[in-house]
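For reference, the structure is listed below as structure tokens.
The values are calculated or read from the model by the stated rules, or taken from the named source; none is laboratory data. What you see is a predicted model; the values in this text were computed from it and never measured. Methodologically, a virtual Cβ is constructed for each residue, glycine included, from the backbone with ideal geometry; neighbour enumeration extends over all protein chains shown.
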Amino acid sequence: MADKMELAEIIKEKKGVNEVVEEVRGLINSLLGFRFMDKSFIDFLEKGGYFTDPASTQYHSSFKGGLAYHSYLVYKILKRKESIYRFGLGEDSIIITSLFHDLCKMGTYGGERRWRKDSEGKWEPYCVVAYKNEPTLGHGEKSVILLQQFMVLKEVEMYMIRWHMGWSESRENWGLFQNSLKKFPEIVALITADIEAAFIYEPIKDNEISLNEDG
Ligand SMILES: [Fe+2]
Ligand SMILES: [Fe+2]
């Protein structure tokens, strides 16, 4: 219940994006010297745009800081699921799988200037979130590969992140996906936390926070 209340508070924007991003930094820093050993991982996130990039072009958290913001919502929801289902996921695993399931998106989106006519027929510029770099190396796969450069993932973390897109994986992967679900049902908790974050808890309308062209 407390978590539900806290999510509701975020939705009402009592917690702004900047405040959430700072909390995300705190959660990541709590793993320094424990799950990753030096600050090169934090530098990688800072330089790559993890704390400033949007999470998508238009589907959810498509604003500056959206990737960290979306990941934080997933963290809160996944934490609640752990308290219900008692998988035995430690706080470190909850942080890693939620905050970095979409690490593959870092550096993918940016602001792009477009033009449209205003009510008087004059051209005016506006900004949308667009692809800056085309996706490569897969989705969950890329997140796992990037993370493994900086820390040794536990098996359950690897499986959760790899399969967090659930049934939107291409059909030829469904066999592997099903086998993985039997091995680690925790995967379902991350899949559903991700969807719930994007479609139930997503609080911010596109026009309330804009993204500058420089990101
Ligand atoms: Fe994803
Ligand atoms: Fe996600």
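Miscellaneous remarks
- Matching residues, the range 133-159, being in a loop (DSSP other than H, G, I, E, B) and among the aromatic types (F, W, Y): F150
- Count of the range 160-192 residues which are within 15 Å of L99 (Cα to Cα), assigned to a helix (DSSP H, G or I) and not β-branched (V, I, T): 4
- Contact annotation: residue pairs with Cβ atoms under 6 Å, 6 or more positions apart or on different chains, pairing a residue in the range 46-69 that is within 14 Å of M106 (Cβ to Cβ) and of a type in the set (A, V, I, L, M, F, W, C) with a partner that is crowded, with 24+ Cβ neighbours inside 10 Å and at pLDDT below 90, are A55/S61; L67/A55.
- The residue pairs whose first member lies in the range 80-105 and is free of Cβ contacts under 8 Å to residues at least 40 places away in the same chain, whose second member is in a helix (DSSP H, G or I) and within 15 Å of ligand 1 (Cβ to nearest atom), and whose beta carbons are closer than 6 Å, counting only pairs six or more residues apart or on different chains, are I94/L78.
- Of the residues making up the range 106-133, those that are within 16 Å of ligand 2 (Cβ to nearest atom) and either within 30 Å of F36 (Cα to Cα) or free of Cβ contacts under 8 Å to residues at least 40 places away in the same chain (or both) number 4.
- Complete set of residues in the range 136-162 that are farther than 19 Å from F41 by Cα and within 14 Å of the chain's Cα centre (by Cα): H139, M160, R162
- Number of residues in the range 99-132 that are within 17 Å of the chain's Cα centre (by Cα) and either at pLDDT 95 or above or not in a strand (DSSP E or B) (or both) equals 10.
- Restricted to the range 39-80, and to residues there that are under 27 Å from P185 (Cβ atoms) and more than 15 Å from ligand 2 (Cβ to nearest atom), the residue that is surrounded by the fewest Cβ atoms within 10 Å (Cβ to Cβ) is K79.
- Among the residues listed as E91, E120, E141, the single one being closer than 20 Å to G48 by Cα, surrounded by fewer than 17 Cβ atoms within 10 Å (Cβ to Cβ) and of a type in the set (D, E, K, R): E141
- Flag not set for I94, criterion: hydrophobic (A, V, I, L, M, F, W, C), farther than 23 Å from E196 by Cβ and either within 16 Å of ligand 1 (Cβ to nearest atom) or assigned to a helix (DSSP H, G or I) (or both).
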